[in-house]
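Input: a single structure, listed below in structure tokens.
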Amino acid sequence: MMKVKDMMTKDVDCCTLLDNVFEVAVKMKENNVGAIPIVNGERVVGMITDRDIVLRCVAEKHPNSSKVEDIMSNDLITIGPEETTDDALQLMARYQIRRLPVVEGDKTLLGVVSLGDFAIRHEYAHEAEQALQDISDPILKNKPC
């Protein structure tokens with residue numbers, strides 16, 4: 001069984017609590033990603049998605065200079081590097097999330113594993129499809145991040 005550390009993206013670009021929403025959006029564009037972890041030192045303290053920017057910033061008419069902590073999700077579901085990829089898929093489905101920060105110790109960020117990481121691997125195609133169906137199910141509403 002494959003471990004999360006073997007599947008995760010290791011070189012993840014992050015922002016800090018000192019950054020603003022505009023800086024996060026620019027980083028998303030530069031890296032062609034839909035989520036940026038927010039760190040305090042090496043410790044992950046939140047995550048901002050493109051959806052967060054739209055719903056919590058733009059739709060509420062907040063300026064681009066808004067602090068990241070005003071719109072980030074900070075009730076994160078995380079996973080350890082030694083957990084299995086099946087564990088990661090189950091967490092994604094249960095909490096209806098597409099990305100999991102991979103942490104160790106006191107939430108030191110090691111990387112991120114995403115549903116997309118599974119989708120591009122043939123051996124996980126069926127599991128990724130099932131997780132996406134669960135994530136997209138409007139009945140399941142237990143979604144902290």
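Results, tabulated for the structure shown:
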quantity	calculated
Condition met for ASP11 (modelled with pLDDT under 95 and in a loop (DSSP other than H, G, I, E, B))	yes
Sole exception among (1) open to solvent by 20 Å² or more (accessible area, probe 1.4 Å); (2) part of a helix (DSSP H, G or I) for VAL24, by number	(1)
Test: GLU69 is acidic (Asp, Glu) and touching a helix residue (DSSP H, G or I) at 6+ places or on another chain (Cβ under 6 Å)	no
Selection from region 72-83 of residues that are among the β-branched types (Val, Ile, Thr) and either more than 14 Å from the chain's Cα centre (by Cα) or surrounded by fewer than 16 Cβ atoms within 10 Å (Cβ to Cβ) (or both)	none
Meets criteria (at pLDDT 90 or above, open to solvent by less than 70 Å² (accessible area, probe 1.4 Å), of a type outside the set (S, T, N, Q) and over 15 Å from the mean Cα position of the chain (by Cα)) for ASP86	yes
Condition met for LEU140 (at pLDDT below 90, of a type in the set (A, V, I, L, M, F, W, C), surrounded by fewer than 20 Cβ atoms within 10 Å (Cβ to Cβ) and not in a helix (DSSP H, G or I))	yes
Residue in region 102-110 that is among the small types (Gly, Ala, Ser) and surrounded by 15 or more Cβ atoms within 10 Å (Cβ to Cβ) present	no
Selected residue (only one of LYS3, LYS27, LYS107 is under 25 Å from ALA119 (Cα atoms) and touching a residue at least 40 places away in the same chain (Cβ under 8 Å))	LYS3
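For (1) out of contact with any Leu (no Cβ under 6 Å at 6 or more places or on another chain); (2) part of a strand (DSSP E or B); (3) more than 23 Å from PHE118 (Cα to Cα); (4) of a type outside the set (S, T, N, Q), each residue gets a yes or a no:
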position: VAL45; (1), (2), (3), (4): yes, yes, yes, yes
position: ARG56; (1), (2), (3), (4): yes, no, yes, yes
position: LYS61; (1), (2), (3), (4): yes, no, yes, yes
position: ASN64; (1), (2), (3), (4): yes, no, yes, no
position: GLU69; (1), (2), (3), (4): no, no, yes, yes
position: ASP75; (1), (2), (3), (4): yes, no, yes, yes
position: GLU82; (1), (2), (3), (4): yes, no, no, yes
position: ASP86; (1), (2), (3), (4): yes, no, no, yes
position: VAL102; (1), (2), (3), (4): no, yes, no, yes
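The values are calculated or read from the model by the stated rules, or taken from the named source; none is laboratory data. Since the structure is predicted, the reported quantities are computational estimates derived from the model, not experimental observations. For neighbour counting, all protein chains shown are included, and Cβ atoms are generated from backbone atoms with ideal geometry for every residue, glycine included. Keep in mind that these areas ignore ligands, DNA and RNA; they rest on the heavy atoms of the full protein, side chains included. Shrake-Rupley method; radii C 1.70, N 1.55, O 1.52, S 1.80 Å.
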